[in-house]
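Chemist: The structure that follows is given in the form of C-alpha cells.
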There are 2 protein chains.
Amino acid sequence: MTGQEIGGTAGRDLPEATVGRLAGYLRALTAPGTAASGVISSSTLAELAGVNAALLRKDLSFLGSHGTRGVGYDIAGLADEIRRALGTHLASPVALVGIGHLGRALARYAGFGGRGLEIAALFDASPEVIGTRVGDLEVHDIADVVPVCRDRAITIGVVATPEGTAQQVTDALVRAGVRSVLNFAPEVVVVPPEVQLRRVDLALELQILAFHETRRSSGAVGG
Amino acid sequence: MTGQEIGGTAGRDLPEATVGRLAGYLRALTAPGTAASGVISSSTLAELAGVNAALLRKDLSFLGSHGTRGVGYDIAGLADEIRRALGTHLASPVALVGIGHLGRALARYAGFGGRGLEIAALFDASPEVIGTRVGDLEVHDIADVVPVCRDRAITIGVVATPEGTAQQVTDALVRAGVRSVLNFAPEVVVVPPEVQLRRVDLALELQILAFHETRRSSGAVGG
DNA sequence: TAGATTGTTAATCGATTAACAATC
DNA sequence: TAGATTGTTAATCGATTAACAATC
C-alpha cells in the first residue's frame with residue numbers, strides 16, 4: 001500500500017487526504033469570485049480553500065504540478081491539472097438506489113456534473129416511486145438493477161435506502177457489476193475484497209459536533 | 001491541544017477519531033442482532049463495528065472502561081459507559097435551516113433521537129415552505145432565527161441550504177447564539193473563533209470513490 | 001492450572017506544519 | 001539586484017497496529 005510509482009506518470013499515487021482536498025482547490029479556482037485567468041499564490045488559494053498554504057503546496061507537488069517561484073500558479077493551467085488528476089473529464093456513470101428525500105437531494109445535486117460524476121440510473125423498491133421521473137431519469141425497479149447497470153456500464157453505486165436494506169441492495173449492485181459503493185445507511189455493509197466501499201453517516205457528524213458542544217458547556221475545557 | 005487531563009474525570013479528553021468510532025460501537029452494541037446482556041469480546045465487537053480489535057480496545061481504554069481480562073466486556077455496562085462518554089443522554093436541541101430534500105431527509109432521520117440529538121426548530125426562506133409542517137415541527141421564517149433559537153436554547157445549527165447562502169445563514173445562526181455549525185453546502189464558511197464548524201460535502205465522497213474507480217479501470221494499479 | 005482476553009506499550013504509519021534553499 | 005514565492009526537507013503530530021505481559 002506504500003507509494004508504487006507506475007510507468008512514470010506523475011500524479012498517479014495520491015495520498016487519500018490529498019485527493020479529498022484537490023476537489024476543494026478546484027472548486028475555489030473555478031468559483032465565481034476567483035479570476036478565471038492570471039496567477040494565484042499558494043497562500044491566496046489556501047485561504048480560499050480553507051487550508052494551510054504549506055499543505056496546499058505539498059498537495060500540488062504530488063501532481064508534478066509546477067507553479068512559478070516568485071510568482072504563483074497559473075489559474076487556468078492549475079485547474080486543468082487538477083481536473084486531469086481527479087479524472088473529472090471522464091464522467092463516471094453512477095447508479096442511485098433509494099429515491100427518498102436523501103436520494104432526491106443527491107439526484108438533483110447540481111455539483112456532480114462538473115465533478116466527473118453523472119447519475120445515470122435511479123432505483124427504488126416502492127411501487128409508488130417506480131416509474132416516476134426525477135429530473136431526466138425514470139426510477140427503475142430495484143429488481144432490474146442487473147440488466148440496467150450492465151446496459152449502462154455502471155460501476156459506481158450509491159445506497160440511500162432506509163435502514164436494514166443496505167446489505168441486500170449492495171449485494172444486488174455488486175451482482176450488477178458495480179465495483180465502488182457509497183453507503184449512506186448507518187450500517188456496516190460487507191463487500192467482496194475487489195469492491196471498494198465508503199460510508200457517510202449523516203448523523204455521526206452532528207453527533208461529533210454535539211459531543212464537543214456538550215463538553216464546552218459543561219466546562220470541561222477553558223477557552 | 002495535547003491531552004489536558006482535567007479534574008481526574010476519565011474519558012474527558014478523547015481523540016477526535018475515537019469520538020467518531022464510539023458512536024459506531026454503541027450502534028453495534030444496541031443493534032437488534034446483538035444480545036442485550038452478557039459479555040462480548042473486543043474481537044467480536046470490532047468485527048460488528050468494522051474496525052481492528054486493537055483499535056477498539058484502545059478506544060475503550062480512553063473511557064477508563066474496564067472489561068474483564070480473559071472474559072470480555074459487559075454489553076449493557078459498556079453501552080452505558082459509551083452513552084455517558086458521548087453525552088447522548090443530554091439531547092442537545094438542533095436548528096435545521098433549509099427544508100429542501102436534504103433538510104427533510106435530516107429532519108426525519110430516525111437515528112437522531114437515540115444519539116443525543118433533537119431537531120428542535122426548522123427554518124427556510126421560501127414563502128411556500130414557511131408555515132408548513134414536517135413531522136411535529138413547523139417551518140419558521142429564517143428571519144425569525146434569533147428569537148426562536150434563543151427561546152429554545154439552541155446552540156447547534158445545521159445548514160442544508162442551496163449553494164451561495166451558507167455564509168449568511170451561518171452568520172444568522174451565530175447571531176442567534178449557535179456555537180456549533182454543521183454545513184452541508186459545498187462552500188467555505190467563516191465563523192468566529194469561538195464557534196465550532198464542521199462540513200460535510202456529499203459530492204466529495206462520491207468523487208473520491210470515482211477517483212479510485214477510474215484509477216483501477218485505467219489499469220494504474222494491479223488488483 | 002490452562003486458556004482466553006484485556007489493557008498498554010512500542011513500533012509503525014501517514015498526514016501536517018515550519019522552515020528554507022532554490023529560483024523566478 | 002531585491003523581493004516574492006515555490007518545492008522540498010525535516011520535524012512534528014496524531015492515529016493505527018502488533019505484540020505481549022497482566023490477569024481473569
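Chemist: Inside the range A:95-111, can you point out the residues that are within 22 Å of A:Gly177 (Cα to Cα) and facing chain B (nearest Cβ under 7 Å)?
Modeler: Across the range A:95-111, the qualifying residue is only A:Leu106.
Chemist: Now a separate question. Just checking, how many residues over the range B:37-72 are touching a residue at least 24 places away in the same chain (Cβ under 8 Å), more than 12 Å from DNA strand D (Cβ to nearest atom) and touching a Ser or Thr at 6+ places or on another chain (Cβ under 8 Å)?
Modeler: 1
Chemist: Is it the case that some residue within the range B:134-154 is touching an Asp or Glu at 6+ places or on another chain (Cβ under 9 Å) and assigned to a loop (DSSP other than H, G, I, E, B)?
Modeler: The answer is no; no qualifying residue exists.
Chemist: So, one more: Taking the range B:44-93 as the region of interest, how many residues are modelled with pLDDT under 95, more than 9 Å from DNA strand C (Cβ to nearest atom) and among the polar types (S, T, N, Q)?
Modeler: So the count comes out to 2.
Chemist: Now for a different question. Given the residues A:Arg199, A:Arg179, A:Arg152, which is the only one that is charged (D, E, K, R) and either surrounded by 23 or more Cβ atoms within 10 Å (Cβ to Cβ) or over 30 Å from B:Ala46 (Cβ atoms) (or both)?
Modeler: Values: A:Arg199 fails: either surrounded by 23 or more Cβ atoms within 10 Å (Cβ to Cβ) or over 30 Å from B:Ala46 (Cβ atoms) (or both); A:Arg179 fails: either surrounded by 23 or more Cβ atoms within 10 Å (Cβ to Cβ) or over 30 Å from B:Ala46 (Cβ atoms) (or both).
So the residue among A:Arg199, A:Arg179, A:Arg152 that is charged (D, E, K, R) and either surrounded by 23 or more Cβ atoms within 10 Å (Cβ to Cβ) or over 30 Å from B:Ala46 (Cβ atoms) (or both) is A:Arg152.
Chemist: Could you tell me which numbered condition A:Asp124 fails, if it satisfies all but one of (1) within 14 Å of another protein chain (Cβ to nearest Cβ); (2) modelled with pLDDT of 95 or more; (3) buried (at least 22 other Cβ atoms within 10 Å of the Cβ)?
Modeler: Checking A:Asp124 against (1) within 14 Å of another protein chain (Cβ to nearest Cβ); (2) modelled with pLDDT of 95 or more; (3) buried (at least 22 other Cβ atoms within 10 Å of the Cβ), the one that fails is (1).
Chemist: In the range B:23-36, which residues are within 20 Å of the chain's Cα centre (by Cα), away from DNA strand C (no atom under 14 Å from the Cβ) and touching a residue at least 24 places away in the same chain (Cβ under 8 Å)?
Modeler: B:Ala23, B:Gly24, B:Leu26, B:Thr30
Chemist: Considering each residue of the range B:82-113, count those that are touching a residue at least 60 places away in the same chain (Cβ under 8 Å) and over 28 Å from B:Ile142 (Cβ atoms), and give that number.
Modeler: 5
Chemist: Looking at the range B:159-204 only, could you name the residues that are free of Cβ contacts under 8 Å to residues at least 60 places away in the same chain, of a type in the set (Val, Ile, Thr) and within 12 Å of another protein chain (Cβ to nearest Cβ)?
Modeler: B:Val181, B:Val188, B:Val189, B:Val190, B:Val191, B:Val195, B:Val200 - these are the residues of the range B:159-204 that are free of Cβ contacts under 8 Å to residues at least 60 places away in the same chain, of a type in the set (Val, Ile, Thr) and within 12 Å of another protein chain (Cβ to nearest Cβ).
Chemist: Any idea which of A:Ala79, A:Ala85 is of a type in the set (A, V, I, L, M, F, W, C), facing another protein chain (nearest Cβ under 10 Å) and within 16 Å of DNA strand D (Cβ to nearest atom)?
Modeler: A:Ala85
Let's see how each residue does on (1) in the same structural domain as B:Thr165 (by TED's automatic domain parsing); (2) of a type in the set (Val, Ile, Thr):
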site: B:Ala23; (1), (2): no, no
site: B:Thr30; (1), (2): no, yes
site: B:Ser41; (1), (2): no, no
site: B:Gly50; (1), (2): no, no
site: B:Ser65; (1), (2): no, no
site: B:Gly70; (1), (2): no, no
site: B:Gly98; (1), (2): yes, no
site: B:Ala105; (1), (2): yes, no
site: B:Arg108; (1), (2): yes, no
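Chemist: Being under 30 Å from A:Gly103 (Cα atoms), at pLDDT below 95, part of a helix (DSSP H, G or I) and more than 16 Å from DNA strand C (Cβ to nearest atom) narrows it down to one of B:Gly164, B:Gly113, so name that one.
Modeler: Exactly one residue qualifies, and that residue is B:Gly113.
The values are calculated or read from the model by the stated rules, or taken from the named source; none is laboratory data. A quick note: this is a predicted structure, and the numbers were derived from the prediction, not measured. Heads up, the Cβs are rebuilt from the backbone with ideal geometry, glycines too, and the neighbour counts pull from every protein chain shown.
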